[in-house]
Amino acid sequence: MTADLPATARLFFALWPDARVRGALLERQRHWHWPPRARPTPPAKLHVTLHFLGDVPRERIPGLLALRAGLPSGPYGALRLDSAALWRGGIAVLASAAPPAGLAELQARLGALLRREGFATEAAARFRPHVTLARAAQGAEPPQAVEPIDWLADDVVLVESRRGSPDGYRVLAARGPGAA
């Protein structure tokens, strides 16, 4: 660990959009009517979270990278983002009405591996793949119709969320063509 890094890293596993998907997400984000207090998600932070780990001691990162490397290779299915919604707490999302079975299986398998390593994870039955388009968006108006985005879920990335950093997220490991 270097002197300028904190002892822990805020980590999550995610699907990371390629340039085409990111552009389509931004286009859908522009179709919402946002209240003044809404905080739209910056382009570089758009993703689908598979498992949020929270603050993790940095010495555990190599083990998480090895765990990720042991996952089966994608693709995990075609994720169709086709539903705009405003969730409790003012979270504006673009979600999938019918996620591919392969993606749900991947999320469940990754969760089981993480639990075996002592991490608390959300139950697979609660997994609702989505991209957060904005926070603090109470009163936002989603578009009446959503042009679907088809995203080939082909890679899992491990990401560090760097609080207070201008670049925000840093992808620690990616292998597929869909990774940034």
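Taking into account only those residues within the stretch 67-94 that are among the charged types (D, E, K, R) and in a loop (DSSP other than H, G, I, E, B), which is farthest from residue 114 (Cα to Cα)?
82
Just one of the listed residues (19, 9, 24) is more than 19 Å from residue 118 (Cα to Cα) and either modelled with pLDDT of 95 or more or over 16 Å from the mean Cα position of the chain (by Cα) (or both), and it is 24.
All conditions in (1) assigned to a helix (DSSP H, G or I); (2) at pLDDT below 95; (3) surrounded by fewer than 18 Cβ atoms within 10 Å (Cβ to Cβ) hold for residue 60, with the sole exception of (2).
Scan 150, 167 and give me the residue that is at pLDDT 90 or above and either among the basic types (Lys, Arg) or surrounded by fewer than 17 Cβ atoms within 10 Å (Cβ to Cβ) (or both).
Answer to the selection: 150.
Applying a threshold of 8 Å to beta carbon distances and a minimum spacing of six or more residues, or different chains, the list of pairs starting in the stretch 25-43 at a residue that is farther than 19 Å from residue 143 by Cβ and ending at one that is small (Gly, Ala, Ser) and at pLDDT below 95 reads 42/168.
Of the set (1) within 30 Å of residue 5 (Cβ to Cβ); (2) touching a residue at least 40 places away in the same chain (Cβ under 8 Å); (3) of a type in the set (A, V, I, L, M, F, W, C); (4) out of contact with any Lys or Arg (no Cβ under 8 Å at 6 or more places or on another chain), all apply to residue 120 but (2). For the stretch 81-111, the set of residues classified as under 30 Å from residue 59 (Cα atoms) and of a type in the set (Asp, Glu) consists of 105 only.
Of 101, 84, 97, all but one fail to be of a type in the set (A, V, I, L, M) and in contact with an Asp or Glu (Cβ under 6 Å, 6 or more places away or on another chain); the exception is 97.
Here residue 20 passes the criteria (1) without any contact (Cβ under 8 Å) to a residue 24 or more places away in the chain; (2) crowded, with 20+ Cβ neighbours inside 10 Å except the one numbered (2). Filtering the stretch 11-34 to residues that are assigned to a loop (DSSP other than H, G, I, E, B), of a type in the set (Phe, Trp, Tyr) and closer than 22 Å to residue 127 by Cα leaves only 16. The residues listed here are 82, 55; of these, the one that is more than 21 Å from residue 145 (Cβ to Cβ) and not aromatic (Phe, Trp, Tyr) is 55. One residue alone among 15, 79, 26, 11 is farther than 18 Å from residue 168 by Cα and surrounded by 13 or more Cβ atoms within 10 Å (Cβ to Cβ), and that residue is 79. The set of residues in the stretch 73-117 being under 17 Å from residue 134 (Cα atoms) and among the hydroxyl-bearing types (Ser, Thr, Tyr) consists of 83, 96. When 133, 158, 114 are checked against the criterion of being surrounded by 19 or more Cβ atoms within 10 Å (Cβ to Cβ), of a type in the set (A, V, I, L, M, F, W, C), under 25 Å from residue 58 (Cβ atoms) and at pLDDT 90 or above, a single residue qualifies: 158.
The values are calculated or read from the model by the stated rules, or taken from the named source; none is laboratory data. For clarity, every value in this text was computed on a predicted model and none was experimentally measured. In this analysis, Cβ positions are derived from the backbone assuming ideal geometry, glycine residues included, and neighbour counts consider all displayed protein chains.
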